[in-house]
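Student: Once you've had a glance at the structure underneath, I'll fire off some questions.
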Amino acid sequence: MKFAKMVAVVLLSLVIAGCNSGPEENPVDVAPPSAVESLRTGLTQLAENGKSIGSGAQTFQQYIEEIKKTDSAKAAKLQEGLDALMPLQDSAKIKAKAKEMLSNL
């Protein structure tokens with residue numbers, strides 16, 4: 001009889017614990033990085049590895065369009081740099097142009 005009571009108490013405590021909703025979750029809003037920060041990250045990678053920009057040019061173009069909304073002069077310099085960067089294939093030239101563009105940020 002004592003064993004049955006013990007089993008009942010254990011089962012009851014497991015049921016009660018299982019019905020608990022658990023800790024309350026509070027969602028955290030995370031702001032995406034700005035266009036300037038995203039462009040800086042991409043240019044830093046190019047300046048380090050010297051790989052051709054390839055299809056990444058479209059993404060860079062989108063970042064420059066975002067920058068244009070707040071600083072058209074900076075965007076114009078960056079666009080000029082991107083236009084010069086896109087056809088480059090030589091690793092050293094890519095690195096140099098990416099570093100130059102970083103200085104415009």
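Student: Among ILE67, PHE3, MET101, whose Cα sits farthest toward the positive end of the charge dipole of the chain (+1 at Cβ of Lys/Arg, -1 at Cβ of Asp/Glu, about the Cα centre)?
Tutor: PHE3
Student: Taking the Cα centre of the chain as the origin, how large is its charge dipole in debye, to the nearest 20, when only Lys and Arg (+1) and Asp and Glu (-1) carry charge on their Cβ atoms? Intermediate results must be reported in sequence, preceding the final value.
Tutor: Numbers: 12 positive and 12 negative charges, 68 e Å.
In debye, rounded to 20, the chain gives about 320.
Student: With the contact rule set at Cα under 8 Å and sequence spacing of 6 or more, what percent relative contact order holds for the chain?
Tutor: Details: 80 pairs, mean separation 32.8, N = 105.
After rounding, I find 31 percent.
Student: Within the chain, which is the longest segment containing none of the GluC sites (Glu not before Pro) that sit in a DSSP loop and have at most 10 other Cβ atoms within 10 Å?
Tutor: Numbers: sites that count: GLU24, GLU25.
Longest gap between qualifying sites, sites excluded: 26-105.
Student: First select every other residue whose beta carbon is under 13 angstrom from the beta carbon of ALA47; then total the charges, Lys and Arg +1, Asp and Glu -1. Each step should come with its number before you reach the end.
Tutor: Values: positive: ARG40, LYS51, LYS93, LYS95, LYS97, LYS99; negative: GLU48, GLU100.
Around ALA47, the surrounding residues sum to +4.
Student: Check each of the trypsin sites (Lys or Arg not before Pro) in the range 52-105 and keep only those in coil by DSSP with at most 14 other C-beta atoms within 10 angstrom; list them in order.
Tutor: On the way: sites: LYS68, LYS69, LYS74, LYS77, LYS93, LYS95, LYS97, LYS99; in loops: LYS69.
Sparse-neighbourhood loop trypsin sites (Lys or Arg not before Pro): LYS69.
Student: What is the angle, in °, between the Cα long axis of helix 2-18 and the longest principal axis of the Cα atoms in the chain? Nearest 10 is fine, range 0 to 90.
Tutor: 30 degrees
Bear in mind these aren't lab numbers, they're just calculated from the coordinates by the rules spelled out. Note that the structure is predicted; figures quoted are calculated from it, not measured. We place every Cβ from the backbone using ideal geometry, glycine too, and count neighbours over all the protein chains shown.
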